[in-house]
Each structure stands twice: as C-alpha cells, then as structure tokens.
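Quick notes on the structure that follows.
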Amino acid sequence: MTDQHTPQDPTDQYPQPPYGEQQQPHPGYTESMSPRPDHGEKTYVGSEKLKGRKAVITGADSGIGRAVAIAFAREGADVVLSYLREEEEDAEEAARLVREAGRTAVKIPGNLAEESECLRLIDEAVAELGGLDLLVNVAGFQMARPGGIAEISTEEFDHTFKTNVYSMFWLCKAALPHLKPGSSIINTHSIQAYQPTPSLLAYASTKGAILNFTKGLAQDVAEEGIRVNAVAPGPIWTPLQPATQPEDKVDNFGADTPLGRAGQPAEVAPSYVFLASQESSFITGETIGVTGGRPLA
Ligand code: NAD
Ligand code: MG
C-alpha cells in the first residue's frame, strides 16, 4: 500500500488471522506485538485538513491513539499526547512521529482515572499549545473476565468506569471553557456499546455510557458551535488485546467480521480526522463505526 487513498481489496490489505497466541502484561506495548500494528507511519498522507489546530489526544502512545496523533500531525495539527507513565517508550515514538511531520508534540503522562490528573492535563495542554480546539478521548481500560459478573470486583468495575467514563466527563468539562466555535470533541466507544460480550461486562457498559453521553453533550453545546461525535471501532489490532484478552481470542481476533480480519489503527484514524475537520460541519452527536462490517445496531 502506498497511501490511504489507493484502492485495494480490503480483505487482504492487512494480515488475516490466525495471528498467533500472545499475551502481555497490562497496559500492553507496541514492541511486543506480532504482527506489528500499522499506525499509518508509511502511508498516511495529509492535506492540511487540520492546519494550525491544537489537539489533546488521550491514549496517544499506542494503537488507535498513536494513529490519530500521526494523522492529525500530518493534517497540520499540534498535539498533546496523554498516556500512562509506564508507556514512556511508546509515547516517545508517537511524539517522534508527530515531530517528524513538522508539528509540535507535547507529552503529558498521567492517570486519567483521577480527576486532578484530567484537570492538570487540560491546564498544561492549553498552556503548552496556546489554546485548544480538539479534544480526542481515546484512552480506555478493559479486562476480559470469562467467568462473567461473579469475577468482577467492585474495584475493577469502579476503575473501568473511572478510566472510560469519568475521565471523559472531567476532560470535556475542563476543556469546554477553552473551546471556541468550530472546535470538536471526539469520543471513542465500541461495537460493544451495541453488542456486549458477556466477558467484557464492565467495559461494554462504559461504552454504552459513552455513546449516550456523546449524543447528550452534542445537544448541550451545539449552540456554542462545538460538535461532539464518536468513533465505534470493532476489532482493531492494538496492545489492548494481548494485554486483556485470552490467547485464543487474540489468535483469532477479527475472524468473525465480514471482512475476515482485525482492522489496523491506520484504518480507524481517518474517521477521527473527518470528525475533527470542517468537512463534518453538520454532523454532531453521531458515531462512525469502523467494524469490518459487523453491524452496529
Ligand atoms: P491501546 O492499549 O493502544 O490504547 C489504550 C490507551 O489507553 C493506552 O495506551 C493508555 O495510554 C490509555 N489508558 C488506559 N488506562 C489509562 C488511565 N488510567 N489513564 C490514562 N490513560 C490510560 O488500545 P486501543 O485499542 O488503541 O484503545 C483505544 C480505544 O479504542 C479505547 O478506548 C478502546 O476501548 C477503544 N476500542 C478498541 C478496540 C480494539 O479492538 N482495539 C475496539 C473498540 C474500541
Ligand atoms: Mg499504550
């Protein structure tokens, strides 16, 4: 593949399962994945869709967030990258790719399950970038519990909601006073918001909440000229999977999609670019599904 525009058969554009059984400690690292995920490093070609925009991207070190950071930078945006402290190596590589595109990259690690860390992220981002136009909530936590509800502790249920739902609430609330008309917030939920897998009960519930929150907040801030949308990925080849799912699930990841494989982060990023850009000016409260053909609703 030469760039993201060249037509190609999507069924064999990327590796198909089996991918081999592999596991990683949480939160998971790009280096240990085989095959290595494609974040668009060699293929994403920008066209100034986000020229001069200032973006905060959470979970920007790896997976979907890294692909969004690369795409936003190549479209002309400066980027603050949020990630966990133990992900420094992945974060530095993502930041390097942003800088290689000629844009500013600012790394701000922190645990977004804490309100104070969310507030600090927005404060520091506004100071470092000189403002804010785009808030992209990609960070997320899941942990497969094949035994279902009986295996989920209160602490884990709480952590899942704090990381996925509360952080979005805290970050949106802190960012909104800085966002001018024409700004965008983009959240990340999942096919799990519509079709919950029992072993992901807590995670899937948070994704349902993010879908609903996106529709509600979009109406709340529409008259301020701010749009709020979401991307709902299906199975995407990222460190999240070997770090949180059983080996056999990782081996066959994406085999149950009509396109017959897992998607790559590079295939998700263009939807975030579209929702961030003025091309989507009349779209708010909406979700773009990137699922390899599995129906959302
Ligand atoms: P990933 O592991 O590469 O990214 C998730 C990131 O979340 C991590 O890199 C980490 O930086 C961040 N994170 C987790 N807990 C955090 C915390 N407490 N504080 C701060 N940051 C934290 O995996 P990914 O698949 O790219 O995930 C990105 C988003 O996409 C998530 O919201 C995930 O739920 C969603 N998603 C992924 C898939 C998939 O199949 N990979 C499918 C649907 C939705
Ligand atoms: Mg990571």
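The values are calculated or read from the model by the stated rules, or taken from the named source; none is laboratory data. Since this is a predicted model, take the numbers as computed values, not measurements. Cβ: placed from backbone, ideal geometry, glycine included. Neighbour counts: every protein chain shown. All accessible areas refer to the heavy atoms of the entire protein, side chains included, with ligands and DNA or RNA removed. Shrake-Rupley method; radii C 1.70, N 1.55, O 1.52, S 1.80 Å.
Couple of notes before you dig in:
- The range 196-253 pair-distance distribution - Cα-Cα, 5 Å bins, rounded %: 4, 15, 19, 20, 14, 11, 8, 6, 2, 1
- Based on the Stokes-Einstein relation at 20 °C and a viscosity of 1.002 mPa s, and on the Kirkwood radius from alpha carbon pairs, the chain is assigned a translational diffusion coefficient of 113 µm²/s.
- Pairs from LYS162/LYS207; LYS54/LYS180; LYS49/LYS173; LYS49/LYS107; LYS42/LYS249; LYS51/LYS180 whose Cα-Cα separation, in the structure shown, is over 19 Å: LYS49/LYS173; LYS49/LYS107; LYS42/LYS249
- Solvent-accessible area per residue, Å², over the range 96-160 with all protein chains present [probe radius 1.4 Å]: 48 Å²
- Against the rule of thumb 2.2 N^0.38 Å, how large the Cα Rg of the range 158-213 comes out: 1.26
- The accessible surface of the chain, taken with every protein chain in place and a 1.4 Å probe, is 52 percent carbon and sulfur.
- Two-decimal Rg to Rh for the range 10-163 - Kirkwood Rh, Cα set: 1.01
- Of PHE161, ASN252, GLY46, farthest towards positive along the dipole that unit charges on Lys, Arg, Asp, Glu beta carbons give the chain: GLY46
- For the range 135-255, alpha-carbon Rg and Dmax in angstrom: 15.5, 48
- Heavy-atom accessible area ranking, 1.4 Å probe, most first, across PHE274, PHE282, PHE72: PHE282, PHE274, PHE72
- Whole-number D in µm² s⁻¹ for the range 184-297, Kirkwood Cα-pair radius fed into Stokes-Einstein, 25 °C, 0.890 mPa s: 166 µm²/s
- Max mean-square fluctuation residue, GNM over the chain, Cα-Cα springs under 10 Å, options SER62, SER183, SER47: SER47
- Multiplying the residue separation of GLU156 and VAL45 by 0.36 nm and removing their Cα-Cα distance gives an extension gain of 36.0 nm.
- Alpha carbon centroid spacing (whole Å) that separates the range 215-287 from the range 178-192: 11 Å
- Under a model in which nothing but the beta-carbon of Lys, Arg (+1) and Asp, Glu (-1) is charged, the chain shows a dipole of about 740 debye around its Cα centre.
- Only protein heavy atoms count here; on that basis, with a 1.4 Å probe, MET143 has an accessible area of about 50 Å².
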